[in-house]
Every structure is written in C-alpha cells, then in structure tokens.
Amino acid sequence: MPAREADCPVLRAVPGDGRLAYDEGLLVGYRGYDAAGTTPLFPFGHGLGYTTWSYESLAAGPPVLAAGDDLTIGVTVRNTGKRPGREVVQAYVAGPAAEGRPVRVLGAFGPAAAAPGEAAQVTLTVPARVFARYDEQAARWVWPSGEFTIAVGRSSRDLRLHTVVAVA
C-alpha cells in the first residue's frame, strides 16, 4: 500500500481501445516499490499479531544448486512475546541483475506457531523456477548461473536473515 498516491507502482492502469498495456512488466506491487526505491506505507506481507518474534537461524542447502533444482531452507523463529502466536515466515530471492528482473521475488512462505518463549522450525521449499527467467527468443525458461541471495523475514521490507546460494 503506497504512502502517497504518487508512490504507487501502477497508478494509471486504464484500458484504452479495450486493451490494457502492462508497460511495467513484472514491476508491480512490492517489486515496483523495490525498483523505484520507494518505501510503502505497509509492505507486502505485513501482518499484525499480538506477540513479537525473533528470527534466530537460516540454513539453506546445498550451497550450490544445479539448474532446475528446488532449494530447501530451514528457518528457526522464536516467540519473544507474552502470548501464543502465529507467524508467516517469508523467503525472498534476489538474483544476478538482469534487464526486467525484479530486485527480489517472493520464493516461499510458511506458518509458524509457538507459545511464549518457544521456538518453531519452518521448512520452506523455493521452487526451481524462482531462480529462472523466461527467455522469449528461445521460448523457454533458462537458469542464469551466479549467486542468489535468500532473505527471510516478516514482510518484503522486514528481512532479518540472509544467506547466499549459487546456481551452477
């Protein structure tokens, strides 16, 4: 949700001639805010609850993926509040810079539930296609080689833990 109307990534989406041009490509929502370097009023994935959470650890394996492989990650979160609660752990993937590629994309998410003081382990699977891009000329998905940063947290702007994996 934008802080100001002018910050909205897609403000003037009005069909003309019965057609709607998607000139922004993939850069809508949180991807548009990231590309513009704009801080939204409420970031994508922003949730409210009655407790607080610490993000304690992130493990991703293997450190080098073959093109076309999924990535499994484990995240440990702890309920640091005084009430039982639920948290949605979100994993975002930022890859090698490429024309038209968003700064980061939501790769996976999953729930955690814990009593006060308790830790919860969340296992997420980032599908292989999150690491790929569609090559229009070849008419197929391709996996660029290089390093990808995996960031986990509470929303697209509250990313608390990071790790790097490579695609060979």
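The values are calculated or read from the model by the stated rules, or taken from the named source; none is laboratory data. Bear in mind the structure is a predicted one, so any value in this text is a computation, not a measurement. No Cβ is skipped: glycine too gets one built from the backbone with ideal geometry, and neighbour counts run over all protein chains shown. Note: areas computed on protein heavy atoms with side chains; ligands, DNA, RNA excluded. Shrake-Rupley method; radii C 1.70, N 1.55, O 1.52, S 1.80 Å.
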- Item | Among (1) at pLDDT 95 or above; (2) surrounded by fewer than 19 Cβ atoms within 10 Å (Cβ to Cβ) - the single one Ala91 does not satisfy | (2)
- Residues being at pLDDT 70 or above, under 27 Å from Val105 (Cβ atoms) and surrounded by fewer than 10 Cβ atoms within 10 Å (Cβ to Cβ): count how many of those fall in the stretch 10-21. 1
- Query: Does any residue of the stretch 65-88 turn out to be under 30 Å from Val10 (Cα atoms) and modelled with pLDDT under 90?
  - Reply: no
- Message: Among the listed residues Ala60, Ala91, Ala67, Ala98, identify the single one that is small (Gly, Ala, Ser), in contact (Cβ under 8 Å) with a residue 40 or more places away in the chain, closer than 25 Å to Tyr30 by Cα and not in a strand (DSSP E or B).
- Response: Ala98
- Can you find even one residue in the stretch 55-70 that is open to solvent by less than 60 Å² (accessible area, probe 1.4 Å) and over 22 Å from Pro127 (Cα atoms)? yes
- Item | strands (runs of 3 or more DSSP E) within the stretch 112-168 that include 2 or more residues within 17 Å of Leu58 (Cα to Cα) | 119-126, 146-153, 159-167
- Message: Residue under question is Ala114, and the condition is that it be of a type in the set (A, V, I, L, M), at pLDDT 95 or above, at negative phi and open to solvent by less than 40 Å² (accessible area, probe 1.4 Å); does it hold?
- Response: yes
